[in-house]
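Before any comments, here is the structure.
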Amino acid sequence: GGLGGVRSKQTTYENNAKYPIKCYLCPIMSNGKDKLAEFNSKLDAQVKSDLQKKIADAKKRSLPSFEDYSFFKLVADVEAIAKKLKLNPEAFKITQPPAKLKGTEGVDLAFNVGSVAREAGKDPEEVAKELADEITNLDVVSTVDVIPLKGGAFVNIKLNHTSYSVGVLDEIKKLSDDFGSFNEGDGKVVILDYSAPNIAKDMTAGHLRSTIIGYSLYKIYEAGGYVSFGINHLGDTGTTFGKVIYQYNKEMSERGDEFKNELEADPSGTLMRIYRKFGEESIKDPKAMDEARELSLKLEQGDDELIDLWFKIREWSMECFYKVYDKIHVPFDGMMGESFYEDKMEGEVQEGLKKNVFKKNEEGAVVFPGQPLSDPSTGKENPNVMKTRVNKNDKAEDMVWKDEIIVKPSGGTLYLTRDIATIKYRSTDLGAERLLYIIGKEQKPHMMMLYNIADQLGICKLGKAQHIAFGHLNMEGKKMKTREGKVILLNDILDETVEAAEELIKKRKADTGEKSDLTAEEKLIANKVGIGTVIYNDLRQDREKDIEFNPDAAKSLDSGGCPYIQYTYCRLGSILKKAENYSDKFEVPDDISQVEKKILVVLSAFPNTVSEAMKSNSPHKIANMLDSLTQLVNTFYQSQDVNKAPEPLKSFRVALVKACQQVIRNASDLLHFEMPERM
């Protein structure tokens with residue numbers, strides 16, 4: 001098994017969970033191209049069938065609407081007031097008050113009217129007072145204050161928690177795991193391209209960010225009512241394969257059985273080693289690169305022996321990839337490598353020539369002529385992406401247009417050629433409403449060219465596909481490398497972080513005089529803490545920034561880390577286990593503490609947090625909310641007694657603890673790390 005295809009998604013996971021693998025085994029054929037065509041035909045049919053099943057299942061799912069949430073009801077009421085006053089409600093955003101803003105003690109929600117006032121040509125303080133006078137009349141509002149600022153004014157809202165917060169707690173109890181979800185997507189398809197390791201090379205730390213960010217966005221879009229469809233765009237063709245095959249043949253010829261034994265013991269590691277060794281060989285012998293290119297072209301043209309070897313190498317690599325995906329519990333709806341699009345490129349190339357999007361140059365290559373490109377992320381034109389300097393010291397105005405090669409004079413294709421066929425398939429054959437490419441930020445010029453070409457070909461309008469860029473994962477401040485042997489393997493990162501969590505458990509057991517051997521439950525806890533630390537450490541930071549990897553984060557219970565969140569969740573569970581003699585029917589007392597009010601506001605705004613994370617493709621917004629909530633919860637249970645509180649306070653606090661646990665679980669699920677029941 002492991003030749004390709006699809007993995008089914010599971011909603012609950014056990015340690016080292018295994019996903020079923022659907023394999024597309026081909027009959028033995030003498031013709032390599034026929035074998036590959038049969039392989040891809042089965043994959044195409046299965047993927048389309050699975051997508052239609054997901055679409056059908058989505059129609060059966062009943063998600064809440066924005067109007068079902070107290071927070072959005074309040075927002076809608078304020079927007080209605082703004083329209084009544086002939087103001088643009090889209091010009092302001094209701095949030096929790098900024099921490100640095102003075103005069104916000106006890107304030108639950110706030111918004112700045114500076115932009116809406118300027119748009120209306122009015123004085124900001126006057127606009128703020130007009131809005132405040134109207135908002136005060138809402139049932140869920142207690143008081144409204146205005147704070148003038150230079151160039152604007154804040155409207156500060158204090159809620160009537162006896163009415164507002166009862167609704168919030170009821171919503172969380174009623175919606176349970178669906179609290180925070182909404183039906184904005186209405187069953188439309190979003191295809192997410194994430195992970196994308198290269199066959200014949202190990203998964204390294206560089207693949208971690210794409211995999212984690214991609215699958216979190218997958219879950220966030222599902223929560224938003226879309227049909228998420230995750231595709232792993234494997235790098236399984238191109239010059240890399242020519243290099244590996246060249247070195248494979250050389251090793252087999254020179255070392256025979258010894259090399260075979262290495263492959264059997266560690267196929268992926270051996271393939272990675274010979275890929276790096278080719279780099280050394282090509283320096284000594286420049287002809288090696290020419291031979292590798294020739295092998296790559298022969299493979300693309302369907303050489304029987306090379307395609308048989310390609311299947312073997314692909315299978316070895318897939319087995320190793322799945323070991324990593326099993327550890328972090330990340331599934332895919334389709335494992336569709338670049339080779340899937342081999343028979344789909346020629347049609348797009350000919351269409352581009354026909355529409356004058358492409359042209360042939362004097363050397364016989366098909367090119368996309370240098371030109372200004374539209375940047376879908378800004379909506380503006382970027383004049384320099386396809387320009388280059390003739391001389392190193394040329395100024396910007398001296399740069400000249402550079403054509404981008406689509407097909408080499410030899411007939412060989414490139415990444416861009418395959419990417420054009422890929423975006424056509426996803427946009428038209430699979431009928432995606434949106435396409436998200438979770439790819440490193442250094443690929444921005446490539447992605448911009450792809451989107452402009454697709455728009456000019458009429459296969460995908462600008463804006464439909466988005467580049468979800470992310471920064472580098474660094475180790476000791478340096479970007480991790482893959483070619484010179486200085487490589488940090490993803491498997492090692494995961495193992496090292498789990499081991500760090502195990503060490504902490506052993507130390508704590510030793511401190512209390514217990515045997516340091518870990519029980520099965522303790523190993524499971526360490527696994528959840530370790531893997532969760534890797535995931536949360538990434539997602540809590542703005543995806544476009546470079547981040548630092550530190551496995552020792554799994555040993556820290558300080559706020560801002562995954563173990564702190566998991567510990568908070570378990571502490572809430574402990575409180576609930578001890579709770580007794582309370583009523584499920586409760587009211588929110590008038591005299592609840594300030595920290596309880598803050599918690600209720602954060603809980604109520606969680607659906608809005610998910611919505612904002614989806615709009616900006618930014619999982620860190622959910623992570624930031626989770627960090628704030630757990631810090632507030634820790635303050636709450638250290639300062640407020642639950643089980644010894646008098647009624648009706650006790651029943652309210654039990655309901656609040658249940659709601660906090662539910663929202664922590666929902667948020668961590670969207671970020672894709674697990675909560676243990678005991679720490």
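Every number in this text was worked out from the coordinates using simple rules, so none of it is lab data. Being a predicted model, the structure only gives us computed values, none of them experimental. Please note: Cβ atoms are built from the backbone with ideal geometry, for glycine as well, and neighbour counts cover all protein chains shown.
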Q | Cα centroid of the stretch 205-245 to Cα centroid of the stretch 561-604, whole Å | A | 37
Q: Evaluate the distance, in nm, between pseudo-label points positioned 7 Å from the Cα of residue 264 and of residue 389 along their respective Cα→Cβ axes.
A: 5.5
(Q) For the stretch 166-193 and the stretch 44-78, what is the centre-to-centre distance using only Cα atoms, to the nearest Å? (A) 8
(Q) When the expected Rg is taken as 2.2 N^0.38 Å, what fraction or multiple of it is the alpha-carbon Rg of the stretch 501-577? (A) 1.22
Q.
A 25 angstrom limit on the alpha carbon distance is what I want to check against. Which of 597/650; 323/444; 73/597; 53/464; 35/323 exceed it?
A. 323/444; 35/323
Q. Can you list the HN-Hα couplings for the stretch 406-411, worked out from phi with the Karplus curve (6.51, -1.76, 1.60; θ = phi - 60°), rounded to whole Hz and with x for Gly and Pro?
A. 9, 9, 5, x, 6, x
Q. If packing is taken as the mean number of other Cβ atoms within 10 Å per residue, what is the order of 419-432, 148-161, 86-99, highest first?
A. 419-432, 148-161, 86-99
Q: Pull up the DSSP beta bridges for the chain and report the antiparallel fraction as a percent, rounded to 5.
A: 60
Q: Find, among the trypsin sites (Lys or Arg not before Pro) in the stretch 538-624, those assigned to loop by DSSP (not H, G, I, E, B) with at most 14 other beta-carbon atoms within 10 angstrom.
A: 545, 585
Q: Could you list 562, 660 in order of exposure, starting from the residue whose Cβ has the fewest other Cβ atoms within 10 Å?
A: 660, 562
Q: Let me know the charge dipole size of the stretch 67-166 about its Cα centre in debye, to the nearest 20, where only the beta-carbon of Lys, Arg (+1) and Asp, Glu (-1) is charged.
A: 340
Q. What is the Cα centroid distance between the stretch 305-366 and the stretch 629-666, reported in whole angstrom?
A. 52
**Q.** Relative packing of 341-353, 103-115, 392-404, 375-387, which averages over residues the other C-beta atoms within 10 Å, highest first
**A.** 103-115, 341-353, 375-387, 392-404
Q.
Helix 70-84 against the longest principal axis of the chain: what's the angle in degrees, Cα atoms only, rounded to the nearest 10?
A. 80
Q. Based on the alpha carbon coordinates of the chain, what radius of gyration and maximum Cα-Cα distance (Dmax) apply, in Å?
A. 28.3, 87
Q. What ³J(HN,Hα) values, in whole Hz, does the Karplus curve 6.51 cos²θ - 1.76 cosθ + 1.60 give for the stretch 647-659 when θ = phi - 60°, with x put for Gly and Pro?
A. 6, x, 5, 4, 5, 4, 5, 4, 4, 5, 4, 4, 5
Q: Using the charge dipole of the stretch 551-647 (Lys, Arg: +1 at Cβ; Asp, Glu: -1 at Cβ; taken about the Cα centre), state which of 593, 629, 619 has its Cα farthest towards the positive end.
A: 619
(Q) Kirkwood hydrodynamic radius, computed over distinct alpha-carbon pairs, for the stretch 399-448: how many Å, to one decimal? (A) 12.9
**Q.** Average projection area in nm² (convex hull over Cα atoms of the stretch 549-609, one quarter of hull surface)
**A.** 6.7
(Q) Using only the alpha-carbon atoms of the stretch 343-441 as identical scatterers, what base-10 log of I(q)/I(0) does the Debye formula give at q = 0.15, 0.20, 0.24 Å⁻¹? (A) -0.78, -1.21, -1.33
Q: Let me see the pair-distance distribution of the stretch 532-673: every alpha carbon pair, 10 Å bin width, integer percents in order.
A: 11, 40, 31, 14, 3, 0
Q: Could you tell me what fraction of 2.2 N^0.38 Å the Cα radius of gyration of the stretch 151-307 comes to, as a two-decimal ratio?
A: 1.76
Q. What is the distance, in nm, between label points placed 7 Å from the Cα along the Cα-to-Cβ direction at residue 634 and at residue 509?
A. 2.6
**Q.** Positive dipole terminus of the stretch 269-313, leading residue within 299, 278, 311 (C-beta point charges)
**A.** 278
Q) Say R0 is 41 Å: what FRET efficiency, to the nearest 0.05, do residue 401 and residue 41 get from their beta-carbon distance? A) 0.50
Q. In bins 10 Å wide, starting from 0, what share of all Cα pairs of the stretch 152-201 does each bin hold, as a percent?
A. 16, 21, 24, 21, 11, 6, 0
Q: For helix 287-300, report the angle its Cα long axis makes with the longest principal axis of the Cα atoms of the chain; keep it between 0 and 90° and round to the nearest 10°.
A: 80
Q. How many times 2.2 N^0.38 Å is the alpha carbon radius of gyration of the stretch 67-166?
A. 1.00
Q. Over all directions, what mean area does the Cα convex hull of the stretch 231-335 project, stated in square nanometres?
A. 7.3
**Q.** Helix axis angle, 124-135 relative to the chain longest principal axis, alpha carbon, degrees
**A.** 70
Q) Which one of 69, 88, 137 is farthest out on the positive end of the charge dipole of the stretch 67-166, using unit charges on Cβ (Lys, Arg +1; Asp, Glu -1) and the Cα centre as origin? A) 88
